[in-house]
Amino acid sequence: MEFLFDGDGPDRPTVLLAHGAGAPMDSSFMTDMAAALAGHGLRVARFEFAYMAQRRSGGGKRPPPKVEALEQEFRAAIAALACPGPLFIGGKSMGGRVASLAADRLHAEGAIAGLLCLGYPFHPAGKPERLRTAHLESLSAPALICQGSRDAFGSREEVAAYALSPQISVAWLEDGNHDFAPRKRVTGRSQAELIAEAAAAAAAWIASVT
């Protein structure tokens, strides 16, 4: 399994990130977020699920497999990653969801210290009735979700009504969408600023956990 590293260094907390459903591990969002996290003294590792890696070799735009298969791939990535310090797992959108499904068992095994989700897909866009929150209600692993306040997969107003575990903290990025991009004409801010804000929140949370 291949990894992309940012901020590699001995004994730093490591954040292992998976990509979202439609973009690879070296997308602009993943690259910028990894660099921002590394800027706070974290070691960031990125990997790709097999279906996405196959696209690079002319495999066509295959959809992601079932989440159970992705969860096994995430576990394989953890097993393949040399990690001397504490390990946090997570990812962008689908990647964070897959990590969240494995988090409790991995935390109980002592394999991870916590979970970091970047734009969690609480429901499919335009389908707020199809919630993906059942396992989040009883999550026992420490978790942080960085979420744009107007995310189409779970806005601030929607998430306020969910019964999330007290182990989950949410860092709201004002006016951010699913990719943490605000409306510049409304806020005067940029996506880069919100990514930096998310990285700072994540670094502070990781420090509090470790």
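FYI, it's all coordinate maths here, none of it is from the lab. Only a predicted model underlies this, so the values are computations on that prediction, with no experimental measurement involved. Note that we place each Cβ from the backbone using ideal geometry, even for glycine, and neighbour counts take in every protein chain shown.
Along Cα→Cβ, 7 Å out, is where each label goes; now give me the distance between the ones at Ser190 and Ala171 in nm to one decimal.
1.9
Check the chain and count each lysine pair with an alpha-carbon distance under 20 angstrom, considering only pairs eight or more places apart or from different chains. Numbers along the way, then the final one.
Working: Lys61/Lys92; Lys66/Lys92; Lys66/Lys127; Lys92/Lys127.
Step by step, the pairs that qualify in the chain add up to 4.
Using only alpha carbon pairs under 8 Å that are at least six residues apart, calculate the relative contact order of the chain and give it in whole percent.
18
Could you compute the FRET efficiency for Ser28 and Ser140, with r as their C-beta to C-beta distance and R0 at 35 Å, rounded to 0.05? Walk me through the intermediate numbers first.
Numbers: r = 34 Å, r/R0 = 0.97.
Plugging the Cβ-Cβ distance into 1/(1 + (r/R0)^6) gives 0.55.
Please arrange Met25, Met52 by how many other C-beta atoms lie within 10 Å of their C-beta, fewest to most.
Ordered by Cβ neighbours within 10 Å, fewest first: Met52, Met25.
Which Cα, out of Gly110, His178, Val159, lies furthest along the positive dipole direction of the range 4-209 (beta carbon charges, K/R +1, D/E -1)?
Result: His178.
Over the range 1-96, what is the relative contact order in percent, taking alpha-carbon pairs closer than 8 angstrom and at least six residues apart?
Reported relative contact order: 46 percent.
What is the dipole size for the chain, taken about its Cα centre, with +1 at each Lys and Arg Cβ and -1 at each Asp and Glu Cβ, in debye to the nearest 20? Don't skip to the end; give the middle numbers.
Working: 21 positive and 22 negative charges, 113 e Å.
Rounded to the nearest 20 debye, it is 540 debye.
Taking the simple approach of a point 7 Å from Cα along Cα-to-Cβ for both Ala35 and Ala69, what is their distance in nm?
3.4
Order 110-123, 153-166 from most to least packed using the mean count of other Cβ atoms within 10 Å.
On the way: 110-123: 22.8, 153-166: 14.5.
Highest to lowest by the protection proxy: 110-123, 153-166.
Treat every Asp and Glu Cβ in the range 12-113 as -1 and every Lys and Arg Cβ as +1, leave all other atoms uncharged, and give the resulting dipole magnitude about the Cα centre to the nearest 20 debye.
Using only the charged Cβ atoms, the result is roughly 240 debye.
Stretched out fully, how many nm does the piece from Asp8 to Ala160 gain, at 0.36 nm a residue minus the Cα gap? The partial results should precede the final answer.
Details: separation 152, 0.36 × 152 = 54.72 nm, distance 3.66 nm.
Length gained between Asp8 and Ala160: 51.1 nm.
Using the count of nearby Cβ atoms within 10 Å as a rough guide to exposure, how do Thr187, Thr14 rank from fewest to most?
Arranged by neighbour count, lowest to highest, Thr187, Thr14 become Thr187, Thr14.
Grab the Cα-Cα distance for Ala204 and Leu81, subtract it from 0.36 nm times how many residues apart they are, and report the gain in nm with one decimal. Numbers along the way, then the final one.
On the way: separation 123, 0.36 × 123 = 44.28 nm, distance 2.36 nm.
Answer, rounded to one decimal: 41.9 nm.
What span do the alpha-carbon atoms of the range 52-135 cover on each of the three principal axes, reported in whole Å from largest to smallest?
39, 36, 19
For the range 151-207 and the range 1-38, write down the distance between their C-alpha centroids in whole Å.
Taking the Cα centre of each part, the range 151-207 and the range 1-38 sit 18 Å apart.
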